[in-house]
Amino acid sequence: NNYLGEDLGLYSSGLFPFFTYASIQNKFKYLNEIIKEHFLTLVDYEFNLCLPGMVVSIIPGLEEQNEPLQKTIKEIFGESRKKVSDSTFYGILWSIILRNQRLRNVCIKYINDTVPIYKSIEENPETKEEVVNNYYPNISILVVNSLRVLIEESDLPSQRVGMDFIITRFPIYNNILTEEDKILLLISGLQLLIKNDYSTTRRLQMWLMGPGQEDELEMGDPNIKYMIELLIKAIKKIFLSSETIGKKENLSNGIKIIDQLFKQQVKLVDYILEFVSIDMISAIELNWQNINHNPQDDIIARVKSFYSYDPGYLDCLWNSLGKKLNVITSSHIEEEDNSQFNDEMDIIVRTLKFCLDYVYLEKIDKKIKFYIPIISSLLKGLLLYHVDTTDDLFEVKPLIVLALKFVKSLQLGTQLEENSTNNSNSRSVVSKDNHYVPFASSI
């Protein structure tokens, strides 16, 4: 019976923009005499068509310092939710956040005020599936991407509200989001470390560590262990993405991210750096190749500065290389087809050469026992690789020199204990399981 229905598009294109620029008195007339009397009385399929434009039109009124106006808008939204379902209504709000920069802050505030916090089936009247369907439609694409856009936003208030929403609705241990969704949110959240704004980085830490652990990590907590696993995967993804490898600025930002992360949470170094060092160095090495091997590149300076910040950082790099070599040689040692082995070894060889020229520091302290299994793994991997791929050891000479430098420091700084007398005729190194391997005969 509503004669406006057929020509609604014509009227709406003029009416919807009017609200933003109207006086307070006219805004009330618009809401009560047009929206309530005509739009809310439309049949369902016509109302569905006009709802996105109507929401965009009136939601800025929630930012007005006028409580009766805010109350009227919220009443209209309540009636709208009854007509179209929560899923449709909140889907529109998430879409606005994704596409409309001007309205992101007010939309997430409304969502934050109206969406319940899901804790468990016992504490919630709605099941997890109902919560997702009602408030987070198309969660992995629409909701996660909307939140990523929000926290990557240059507007600090939007970032803060976005992080507050993530902290309360999607704790790191919560199972509403999939692991992949959490990793994507982590990648965006870690970008906040670059700007080093206290309010947003504090919120990031609260999300990662959980309440009460922002300053002191309890490493025995299973939630913390799970968070560390996600962090490792997120950081790996940052350095392995084509956008990072192809753009020097993104690569530099990746180094800044882990630099700031470790400076704020020193404990994380021991649990994370060893697992991401190879990915970071490999990405830097690929970028270095693309800039014609320029030794003055600022990325080279940044990575040198990073690894010289703490001697433990360099330890993590060598240890990760040693472990990687062990894994590669152990997994392919009995295979007839060496193509995958050769590809993986090429990456390690390029990485080692790059480290030798640009990352390796001459100042190795006397805590040399740490390096013994690394040298054993390094030599094992290199020799197995080059026996099959080349007769010319000239190509591997810089790597052998690197190994010899370490071994020389080992000999100066370490007294080989029980087996030293039994191996007096040959220099020795120790493998990962503490079995001595003849160094001279291996060469």
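The values are calculated or read from the model by the stated rules, or taken from the named source; none is laboratory data. Because the structure is a prediction, the values reported are computed rather than measured. Virtual Cβ from ideal backbone geometry, glycine too; neighbours counted across all protein chains shown. Side chains included, ligands, DNA and RNA excluded: accessible areas come from the protein's heavy atoms. Shrake-Rupley method; radii C 1.70, N 1.55, O 1.52, S 1.80 Å.
Which numbered condition in (1) modelled with pLDDT under 80; (2) out of contact with any helix residue (DSSP H, G or I) (no Cβ under 6 Å at 6 or more places or on another chain); (3) part of a helix (DSSP H, G or I) is the only one that Asn319 fails? All conditions pass for Asn319, except number (2). Scanning the stretch 248-296 for residues that are farther than 21 Å from Val349 by Cα, at pLDDT below 85 and touching a helix residue (DSSP H, G or I) at 6+ places or on another chain (Cβ under 9 Å) gives Lys248, Asn250. Pairing each residue of the stretch 87-106 that is in contact (Cβ under 8 Å) with a residue 40 or more places away in the chain with any residue that is open to solvent by 10 Å² or more (accessible area, probe 1.4 Å) and of a type in the set (Phe, Trp, Tyr), provided the two are 6+ apart or on different chains, yields C-beta distances under 9 Å for Ser87/Tyr135; Tyr90/Tyr135. Is there a residue being under 18 Å from the mean Cα position of the chain (by Cα), open to solvent by 10 Å² or more (accessible area, probe 1.4 Å), of a type in the set (Phe, Trp, Tyr) and at pLDDT below 95 anywhere in the stretch 169-191? Looking for residues that are under 18 Å from the mean Cα position of the chain (by Cα), open to solvent by 10 Å² or more (accessible area, probe 1.4 Å), of a type in the set (Phe, Trp, Tyr) and at pLDDT below 95, one finds at least one in the stretch 169-191, hence yes.
For the stretch 113-120, does any single residue satisfy the condition of being in a helix (DSSP H, G or I), among the small types (Gly, Ala, Ser) and over 18 Å from Ile92 (Cβ atoms)? No, that holds for no residue. The single residue among Leu98, Leu15, Leu69 that is among the hydrophobic types (A, V, I, L, M, F, W, C), more than 25 Å from Ser158 (Cβ to Cβ) and touching a helix residue (DSSP H, G or I) at 6+ places or on another chain (Cβ under 8 Å) turns out to be Leu15.
Beta carbons closer than 6 Å, at least 6 apart along the sequence or on distinct chains, pair a first residue in the stretch 194-205 that is within 10 Å of Gln260 (Cβ to Cβ) with a second that is open to solvent by less than 60 Å² (accessible area, probe 1.4 Å) and at pLDDT below 90 for Ile194/Asn253.
I'd like the full set of residues that are of a type in the set (Asp, Glu) and either open to solvent by 70 Å² or more (accessible area, probe 1.4 Å) or modelled with pLDDT of 75 or more (or both), limited to the stretch 210-226.
Our first condition is that a residue be of a type in the set (Asp, Glu); within the stretch 210-226, this holds for 214-216, 218, 221.
Scanning the stretch 210-226 gives Asp215, Glu216, Glu218, Asp221.
Sort through Val149, Val131, Val143, Val161 and tell me the only one that's at pLDDT below 90 and part of a helix (DSSP H, G or I). That would be Val131, the only listed residue that is at pLDDT below 90 and part of a helix (DSSP H, G or I). Of everything in the stretch 51-69 that is assigned to a helix (DSSP H, G or I) and more than 37 Å from the chain's Cα centre (by Cα), the residue that is surrounded by the most Cβ atoms within 10 Å (Cβ to Cβ) is Leu69.
Of all the criteria given as (1) farther than 30 Å from Glu130 by Cβ; (2) open to solvent by 60 Å² or more (accessible area, probe 1.4 Å); (3) charged (D, E, K, R), the one not satisfied by Glu79 is (1).
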